[in-house]
Amino acid sequence: MTLTRFVTKSAFRNKRRSVLTVLSITFSLLLLTLMMTVWRAFYIDTYSAESAQRLVTRHRVSLTESMPAFYREKIRTIPGVVAVAPNNWFGGIYRDSKPENFFAQFGTDPQEILKILPTSRFRPIN
C-alpha cells in the first residue's frame, strides 16, 4: 500500500470528519484574509505627499493641555517651516450637560490653518 492510497482511504473513511476539517481550514484562511485586509486598510499609508510634509506636536500630558506659546515661535524659526497653527481643545456641550451630549471642539487660527491644509478639505456649511 502506497502513502497516497493510505491517505486517500483514511480521508474518506469518515466523511463527516473530512468535511469538517476542510471547512475549518477554509474558515481559518478566510478569517486570516479578512484580518490582513483590515490591517492593511488601517496601517498602510495612502495619504498624499502633502500630508508627509506636516508635523503635529502636542503636549506630553494630554490633548487638553496647551503647548506653551514659546514653542510656537521656536518652531516657526526652523528652516523650511511655512506656517504654525495651534489647536486648542475645549469641550462642547450639545443641548444640556449630560455626558452623552458632550463632544470635543478644537479652536484654531483660520489664516494659519488654511496655509497648512488644502482648502479642498473644507466644505461650506449650509
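The values are calculated or read from the model by the stated rules, or taken from the named source; none is laboratory data. What you are looking at is a predicted structure, and each value in this text was computed from that prediction instead of being measured. Glycine gets a Cβ as well: all are built from the backbone with ideal geometry, and neighbour counts include every protein chain shown. For the accessible areas, the whole protein counts, side chains as well, though only heavy atoms, and no ligand, DNA or RNA atoms are used. Shrake-Rupley method; radii C 1.70, N 1.55, O 1.52, S 1.80 Å.
Can you sort E112, E73 by 1.4 Å-probe accessible area, starting with the largest?
Working: E112 25, E73 95 Å².
Ranked list, largest accessible area first: E73, E112.
Charge dipole of the chain (Cα centre as origin; +1 on each Lys and Arg Cβ, -1 on each Asp and Glu Cβ, all else neutral): 1120 debye, rounded to the nearest 20.
Top to bottom by accessible area (1.4 Å), largest first, where do Y94, Y43 land?
Working: Y94 120, Y43 165 Å².
So, going from the largest accessible area down, we get Y43, Y94.
Classify the chain: rounded, prolate or oblate, from the alpha-carbon gyration tensor (a ≥ b ≥ c, eigenvalue square roots; a/c under 1.5 rounded; otherwise prolate if a/b is larger than b/c)?
Values: a/c = 3.81, a/b = 2.57, b/c = 1.48.
Here the chain falls in the prolate category.
Leaving out ligands, DNA and RNA, what percent of the accessible area of the chain is carbon and sulfur, probe 1.4 Å? Taking all protein chains in place, the chain shows 62 percent carbon and sulfur surface. Applying a length cut-off of 24 Å (Cα extent along the axis) and a mean Kyte-Doolittle floor of -1.0 to the DSSP H helices of the chain leaves 15-43. In the full protein context, the stretch 1-100 carries 96 Å² of accessible surface per residue, based on a 1.4 Å probe and ignoring ligands, DNA and RNA.
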